[in-house]
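Undergrad: Quick one: the structure is below, questions incoming.
The values are calculated or read from the model by the stated rules, or taken from the named source; none is laboratory data. All values derive from a computational prediction rather than experimental measurement. Note: ideal-geometry Cβ built from the backbone for every residue, glycine included; neighbour counts use all protein chains shown. To get the accessible areas, we keep the full protein, side chains included, count just its heavy atoms, and leave off ligands, DNA and RNA. Shrake-Rupley method; radii C 1.70, N 1.55, O 1.52, S 1.80 Å.
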Amino acid sequence: MALTTIRNSGLAAGVAEWTALTAVTTNGASSYTVSGIPSGVTEVLIIGCGVHRNTSTNRATIQLGDSGGLETTGYNHTVSYTAAGTYYINTNQSIAGAQTMFYNAEYNFRCHCFNTTGNEWNIDVRTFSEAGSSYEMVQTMVRKSLSAELDRVALVDLNGTNFDGGTLRVYYR
Amino acid sequence: MAVSKIINGITGEETEETWTPTAQTADEKLTDLRMVRNSKLTETDVWALSDRTMTQEQTDYRQALRDITDSYTSLDDVVWPTKP
């Protein structure tokens, strides 16, 4: 006989629920900043659905920011991804944000940011896309120290090319 | 100038600004080129196993990959050697 486990769907005591911020349509601009993340947040989840890169030839990134604005330096990466059936890895990359996508395709991603200590954050990005006839992925781990407390996140095309489709959802707890 | 939208995640209020994109630095472009080059070398590492002998074409191909940064500095215009 197979064993089936039925779990209680409620949260364990002390586990905070996610709070959703306003969903954003990513069409017509090259940078989307979602502000309003309150003080004391330790985790931020950013979901991109059907985000389309238009004709961009540079990376699409997640940037974190504080009361001084978005920060564009100090994103210390390890990143790996596939493109056209080949696997690439770079263990020492520093660009102006956490890489979510390298090339111009429609893609879905999940970005989990978690506070480690003080204003230091780890950013974990997983991306899936169908580029042509193949299925591609990007996975990125980044350490980023902010100057002050996190209060905003952004999806930014480093080329300044407008996104032309998709939605961005941001949650925190 | 590029377009930036700032959305207040609580109220939904949206404002629009312009911003100046940061172009990839020469170092970043060279890093990308090296990353792809290294992957291409890795793909052919099996040719260089000690119990195999590479053909001259295979040796030349791998050497051309190692030397690619002598001729090119980014993925924008690189012409890769033909894999034998």
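Undergrad: For the range B:4-19, which positions are loosely packed, with under 15 Cβ neighbours inside 10 Å and at the interface with chain A (Cβ under 8 Å from one of its Cβ atoms)?
TA: Taking the range B:4-19 first, the residues loosely packed, with under 15 Cβ neighbours inside 10 Å are B:10-18.
Once the filter is applied, which keeps residues that are loosely packed, with under 15 Cβ neighbours inside 10 Å and at the interface with chain A (Cβ under 8 Å from one of its Cβ atoms), the range B:4-19 yields B:Ile10, B:Thr11, B:Gly12, B:Glu16.
Undergrad: Filter the range A:48-71 for residues that are under 16 Å from A:Met141 (Cα atoms) and either free of Cβ contacts under 8 Å to residues at least 40 places away in the same chain or of a type outside the set (Ser, Thr, Tyr) (or both) and give the result.
TA: A:Arg59, A:Ala60, A:Ile62, A:Gln63, A:Leu64
Undergrad: Here's something else I'd like to know. Condition check: surrounded by 14 or more Cβ atoms within 10 Å (Cβ to Cβ) and in contact (Cβ under 8 Å) with a residue 40 or more places away in the chain. Does A:Ala20 satisfy that?
TA: Spelling it out, it is not the case that A:Ala20 is surrounded by 14 or more Cβ atoms within 10 Å (Cβ to Cβ) and in contact (Cβ under 8 Å) with a residue 40 or more places away in the chain.
Undergrad: Among what's in the range A:38-62 and is open to solvent by 10 Å² or more (accessible area, probe 1.4 Å) and within 11 Å of another protein chain (Cβ to nearest Cβ), pick the residue that is nearest to B:Val3 (Cα to Cα).
TA: Here the residue is A:Thr57.
Undergrad: Moving on. Do you know which residues across the range B:9-56 are closer than 16 Å to B:Thr73 by Cα and touching a strand residue (DSSP E or B) at 6+ places or on another chain (Cβ under 6 Å)? Reasoning before the result, please.
TA: Narrowing the range B:9-56 to residues closer than 16 Å to B:Thr73 by Cα: B:23-38.
Within the range B:9-56, B:Met35 is the sole residue that qualifies.
Undergrad: Please specify each residue of the range B:26-66 satisfying the condition of being outside any helix (DSSP H, G or I) and surrounded by 12 or more Cβ atoms within 10 Å (Cβ to Cβ).
TA: Result: B:Thr44, B:Met54.
Undergrad: Being over 14 Å from the mean Cα position of the chain (by Cα) and part of a strand (DSSP E or B) is true for just one of A:Thr167, A:Thr127, A:Thr73, A:Thr78. Which residue is that? Give the derivation first.
TA: On the way: A:Thr167 fails: over 14 Å from the mean Cα position of the chain (by Cα); A:Thr127 fails: over 14 Å from the mean Cα position of the chain (by Cα); A:Thr73 fails: part of a strand (DSSP E or B).
On inspection, the qualifying residue turns out to be A:Thr78.
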